[in-house]
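Asks: This structure is in structure tokens; I'll ask about it shortly.
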Amino acid sequence: MKHIAILGSTGSIGTQALEVIEANPQLFAVSVLTAQSNVDLLIRQALKFKPLVAVIGDVQKYQILKEALAGSGIEAKAGEEALCEAVLLPQTEMVLTALVGFAGLKPTMSAIKAGKHIALANKETLVVAGDIVTALAKQHSVDILPVDSEHSAIFQCLVGEKSPVEKIYLTASGGPFRGKDFAYLSEVTRHQALKHPNWVMGAKITIDSATLMNKGLEVIEAKWLFNLSVPQIDVIVHPQSIVHSIVQFTDGSMKAQMGLPDMKLPIQYAMAYPNRVANNFKRFNFWDYPSLTFEAADTKTFRNLALAFEALEKGGNMPCIINAANEVVVAEFLKDGIGFLQMSEVIETCMAKLDYVKEPSIEDYFETDRQTRIFAQELVGAV
Ligand code: NAD
Ligand code: MG
């Protein structure tokens, strides 16, 4: 029985992880559940899955949580510090980081230091501080098991391989605006951007998918997870989202992992690794997909992908800058505070103007994140 702490249990990944746990009570149990503000759902989940601790990020909602869990034996906690403490519980074997954004960095590091294996959905943690986080995992003999479908695909292709990788191809759906031009994109609304063709996900990652920033973040995530150099990572648009990614070895042989787009699969794989768990998820039918197609990504129109590659090449705190700027512009776009194309403009200006640090410490990353948010917010105010 594996006891799992789920950070961000009320989100898209969190709720799907709970479905997997519910279907496999002989394999998995929940030790911790956390959410930022959806206290009602957190309470329902806690009463059903009986964790030892439930944490609400928003301290104003602590009383509601505490009263609802009174007498249940489940401890109620609140705030950012409580999140970092909750992952330390000795009963927890694995922490699923299903929370969104830079907020994942601290609790993930705290979990690694406590020797907990990480099922990593929160890609932003590796984007911001991949060097420090992967070194820390090595130091504490902790596995970082990818939940992101593309990285799970690559991880699955690498199982049993001892030879080096020549390169990887991360597949991208292209998002809802694939094939569109600047004129079209200058007019798109958040409602259009929130309609992803193949996946139902949280708001931030859905916008990131529409701008191709998600693929940019995934390129950086892949660099750290698989210890690759930039030229070893390629992105290929595959609108059907059936081939989840491809590894090419030094003999030219390529392995791909395929399946219907369903996040429960990579979630379950990370949670049960090295085993596979039988399930009744819908199976692939070839006649529903008579052709699988591949095309180049349009990085001239969707500049975020090119900016992410640039940030990775520059290294240092540049990926941290791009991540913080992106979190600000996506939040603004979701409030109709900024247009679709302006998101890339603000990110590019942040990359040009903020202080570059070549070998950042963890404190430098926190400072870069703070300064970038302030500057990006000023830029958004000016547009
Ligand atoms: P979501 O918005 O649906 O859920 C986010 C969860 O995190 C919620 O439970 C929320 O309460 C919590 N949260 C939000 N802000 C927080 C904060 N500041 N502190 C603590 N908790 C906070 O997001 P999601 O789509 O489930 O994505 C979660 C992570 O997984 C992201 O990093 C995303 O990039 C990654 N991911 C998601 C998918 C997907 O299909 N949804 C696929 C691949 C990777
Ligand atoms: Mg992905």
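Asks: Which aspartates and glutamates does K162 reach when only Cα atoms under 15 Å apart count, and residues fewer than 8 places away in its own chain are ignored?
Replies: D251
Asks: Between the range 141-164 and the range 310-369, what is the separation of their alpha carbon centroids in Å?
Replies: 28
Asks: Right, another one. Can you give the FRET efficiency to the nearest 0.05 for Q139 and A114, using r as the Cβ-Cβ distance and R₀ = 22 Å?
Replies: 0.95
Asks: Mind checking Rg over Rh on the chain, alpha carbons, Kirkwood formula for Rh? The partial results should precede the final answer.
Replies: Working: Rg = 20.2 Å, Rh = 21.3 Å.
That ratio equals 0.95.
Asks: Further question on the same structure: Output ³J(HN,Hα) for the range 223-229: one whole-Hz value per residue in order, computed from phi by the Karplus curve 6.51 cos²θ - 1.76 cosθ + 1.60 with θ = phi - 60°, and x for Gly and Pro.
Replies: Rounded to whole hertz, the list is 3, 7, 5, 10, 6, 10, 8.
Asks: Ok, one more. Once you've got the Cα coordinates, tell me which of K123/K358; K123/K300; K77/K215; K50/K215; K180/K335 are over 28 Å apart.
Replies: The answer is K77/K215; K50/K215.
Asks: Right, next: Could you work out which residue, out of D148, D131, D251, moves most in a Gaussian network model of the chain, that is, has the largest mean-square fluctuation with Cα springs under 10 Å?
Replies: D251
Asks: If you plug each phi of the range 348-358 into the Karplus form 6.51 cos²θ - 1.76 cosθ + 1.60 with θ = phi - 60°, what whole-Hz ³J(HN,Hα) values come out, in order, with x for Gly and Pro?
Replies: 5, 5, 4, 4, 7, 9, 7, 5, 8, 10, 6
Asks: What residues qualify as long-range amide H neighbours of A119, i.e. H under 5 Å apart, gap of 5 or more or another chain, H built at 1.01 Å from N?
Replies: Counting only residues 5 or more places away or on other chains, the set is V95, L96, T97, L145.
Asks: May I ask for the net charge around F333, where only other residues with Cβ less than 14 Å from the Cβ of F333 are counted and Lys, Arg are +1 while Asp, Glu are -1? List each step's numbers first, then the result.
Replies: Values: positive: R190, K204, K335; negative: E187, D208, E327, E332, D336, E345.
Neighbour charge sum, excluding F333 itself: -3.
Asks: Hey, another quick one. Around A270, what is the net charge, scoring Lys/Arg as +1 and Asp/Glu as -1 over all other residues with Cβ under 15 Å from its Cβ?
Replies: Numbers: positive: K2, K116, K123, K264, R276; negative: E19, E93, D143, D148, E150, E221, D262.
Overall, the nearby charge balance is -2.
Asks: Give the shape of the range 209-260 as rounded, prolate or oblate, defined through the alpha-carbon gyration tensor: a ≥ b ≥ c are the square roots of its eigenvalues, a/c under 1.5 means rounded, and otherwise the shape is prolate if a/b is larger than b/c and oblate if not.
Replies: Numbers: a/c = 2.09, a/b = 1.10, b/c = 1.90.
It comes out oblate by the Cα gyration axes.
Asks: Extending each Cα 7 Å along its Cβ direction at M1 and D336, get the distance between those two points in nm, one decimal.
Replies: It works out to 5.1 nm between the two label points.
Asks: Could you derive backbone 3J(HN,Hα) for the range 8-25 from the dihedral phi with the Karplus parameters 6.51, -1.76 and 1.60 (θ = phi - 60°), listing whole Hz in sequence and x where the residue is Gly or Pro?
Replies: Per residue, the Karplus-derived 3J(HN,Hα) values read x, 6, 8, x, 5, 5, x, 5, 6, 4, 5, 4, 5, 5, 4, 6, 10, x Hz.
Asks: Could you work out [θ]222 nm for the chain from helices alone, using -39500 (n - 2.57) per DSSP H run of at least four and dividing by all its residues? Round to the nearest 500 deg cm²/dmol.
Replies: Helix contribution divided over all residues of the chain: -14000 deg cm²/dmol.
Asks: Just to be sure I understand the model, the point goes 7 Å from the Cα along the line to the Cβ. What's the resulting Y184 to Y289 distance in nm?
Replies: 2.3
Asks: Ok, one more. Around A29, which amide H atoms from residues at least 5 apart in sequence, or from another chain, sit under 5 Å from its own amide H, with H modelled in the peptide plane?
Replies: K2, H3, I4
Asks: Give the aspartates and glutamates whose C-alpha is closer than 17 Å to that of K48, dropping any in the same chain fewer than 8 places away, or say none.
Replies: By straight Cα distance, K48 reaches E19, E22, D40, E67, E75.
Readers should treat all values here as calculations from the given coordinates under stated rules, not as data from a laboratory. This one's a predicted model, so the numbers in the text were calculated from it and none came from an experiment. Methodologically, a virtual Cβ is constructed for each residue, glycine included, from the backbone with ideal geometry; neighbour enumeration extends over all protein chains shown.
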